[in-house]
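Read the structure below first, then the notes.
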């Protein structure tokens, strides 16, 4: 239910801080490890979890997420594995907003209604499909909305005024601001331009705005947490999963999430 | 073997107005559309607008026509394949000789249109994807001629098996970037080109080589390739005084086929037949026949027929012809198949090789392995039509690029 999203953002606003949004790839390198990794990320302080599902042709992702997807696919994991992981996490963590993120074709393959039903059943709160712009998202968006799930829309550095109108018409949950024109994890986002862009968007919507793409370190997370409602860290976490043996992946990810969570919690205090 | 004997449509009143497609959303029926990252949406929308303006500007058409005539060498000839006709003992077989174009294939028709458009839009950097290297060579050629830098993404596997074309691109001043992600073939090259485009939004024009990608690309590429069918239609009317019974072409992404078919769509007495690559056979996992062996899905910006698993993961394609080695197909073909206006069949690697050799010996033409797939089906269609019939086939590329592949398949070693 996207109500969980609204509750979480409201609570964090009352606390006077931004949300740490952690992205991890479902099934990377296997289902048990990725479940343990995501569990560790939640326990270490992630406020919202984005569960990536792999696709063979991730044309908007940089090398880190590409490789994570390849590892997951090599183990036979796709959208069904991601839905199962979401369901399991939901049983353990009733409050945390869970967002599913990936590409359109595996969803298209199930059909909008079946997909939305399974997403709701898995306890998800929202869905991001990176190659499904507002022009094409109606079937999935409406099927999700009927079950209380949000289709999360994206705004980017190429978004101008008229385009923003199109994006906001039907937007729900939160707005995902892609801070760099580029693929995930490639370049560092520039804080000044991002802050100006967020100000312009805030003038047009009350939706919380989470900023992602190009945030890798606690320092960068703190910087963006100073003005965004949420900061998404993905590639750095996914790299931590792949950086050593699978058994110790939850430790590696937990430590990094801990540092990121600390940075986000103290960002507006200094 | 499929049944080609029925004309379309059974009820002529149901014929759509072909010029109206795609619709304003870039749809051909349920196919097409714009499935791209939000960062790219403003770019595809501005491309659509720039193309509409260019199309309405006589100066753009004049410039394009001038290059097509003096640089590409159009119109390409219509050729009566007399010995092949006699060999098959059926309908008269005509070739549209697009393999005689500058750079040796139909690809340059589209590159010229897109890169002229890029210049008009003030873009200063061209990127392209390539499989066999024909679109890469054509892009590098036109970019050189128009004075723009060109970067070509090519799967590392294809870089290895198409070395002569890689060198040609470099000679033309292009930078060839090998792509190692995924299966390291055409679809992965396309992913990498999209990653480049989303990173370099201000100055870069993505020159897509086939009738795929997000709207307006399938329309744009079709329009630029339709010169093939327009010329062929006029030439055959002029030569034999009537339209052909069948117009046929090979289909990978489908740009040469749509270029031939489109000007014939309203001539409903002309049967349109596309031939896909069956690789080792449709019954195996190793083929590239999205229309005859795939199912609808979303890839590279559009909804179309794809080779995919039950869970919607894209399967690797296989064909002896690198130019047909793609797991998708242009959305307009998906639509033409669905409404029955065009029919699609396939030919295996082995059948294409045999057709290649037959054409070489009977007509003194080395066809590319891509149109060799269409050649593999032309005989049975000619026989079915009988001696009064006329088959028009697009010979969309020449086979010089394939001699190493063919030598390898025939068990011969070239130095």
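Provide a whole-number value for the mean count of partner chain Cβ atoms within 10 Å of the Cβ atoms in peptide A:95-103.
1
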Calculated FRET efficiency for the pair residue A:117/residue B:338, C-beta based, R₀ 22 Å, to 0.05: 0.20
Kirkwood Rh (inverse of mean 1/r, distinct Cα pairs), segment B:297-369, angstrom: 14.3
Shape parameters for the protein assembly as shown, alpha-carbon atoms, Rg then Dmax in Å: 26.2, 88
Segment residue A:217-residue A:195, extension gain: residue separation times 0.36 nm, minus the distance between their alpha carbons: 6.1 nm
Segment A:193-246: C-alpha pair distances exceeding 15 Å, %: 52
Calculated [θ] (222 nm, deg cm²/dmol) that DSSP helices of n ≥ 4 give over chain B, each run adding -39,500 (n - 2.57): -12500 deg cm²/dmol
Relative contact order of chain B, defined on C-alpha pairs under 8 angstrom at six or more residues apart (%): 21
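Just to verify a number: FRET efficiency for residue B:282 and residue A:268, C-beta to C-beta distance, R0 = 56 Å, to 0.05?
About 0.35, to the nearest 0.05.
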Ratio Rg/Rh, restricted to segment B:147-224 and using Cα atoms, in which Rh is the Kirkwood radius: 0.97
Residue-averaged beta-carbon neighbours from other chains (10 angstrom radius) around A:242-249: 0
Cα-Cα P(r), chain B, percent of pairs per 20 Å interval: 29, 62, 9
Choice from A:48, A:209, A:167 with maximal GNM fluctuation in chain A (Cα, 10 Å cutoff): A:167
Highest-fluctuation residue, B:228, B:339, B:115 considered, GNM on chain B with Cα pairs under 10 Å: B:339
Fewest-first ranking of B:53, A:50, using other Cβ atoms within 10 Å as the exposure measure: B:53, A:50
Burial order of peptide ranges A:38-47, B:321-330, A:217-226, B:181-190 (average beta-carbon count within 10 Å, highest first): B:321-330, B:181-190, A:38-47, A:217-226
Percent RCO, i.e. relative contact order, over segment A:2-266, from Cα pairs under 8 Å lying at least 6 residues apart: 25
Residue-averaged [θ]222 nm for chain A, counting only DSSP H segments that reach four residues, each worth -39500 (n - 2.57): -15000 deg cm²/dmol
Overall dimensions of segment B:268-415 as given by Cα atoms, namely Rg and Dmax in Å: 16.0, 50
Computed E for residue A:259/residue B:404 - FRET, C-beta separation, R0 56 angstrom, nearest 0.05: 0.55
Peptide A:54-66, shielding by other chains (average Cβ, 10 Å cutoff): 6
Å³ per residue enclosed by the Cα convex hull of segment A:2-266: 107
Whole-Å semi-axes of segment A:1-102's equivalent ellipsoid (Cα gyration tensor): 25, 14, 11
Kirkwood estimate for segment A:40-187, i.e. one over the average of 1/r between Cα atoms, Å: 15.9
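FYI, it's all coordinate maths here, none of it is from the lab. Worth saying up front: this structure is predicted, and the values here are computed from it rather than measured. Positions of Cβ are generated from backbone atoms using ideal geometry, with glycine treated the same way; all protein chains shown enter the neighbour counts.
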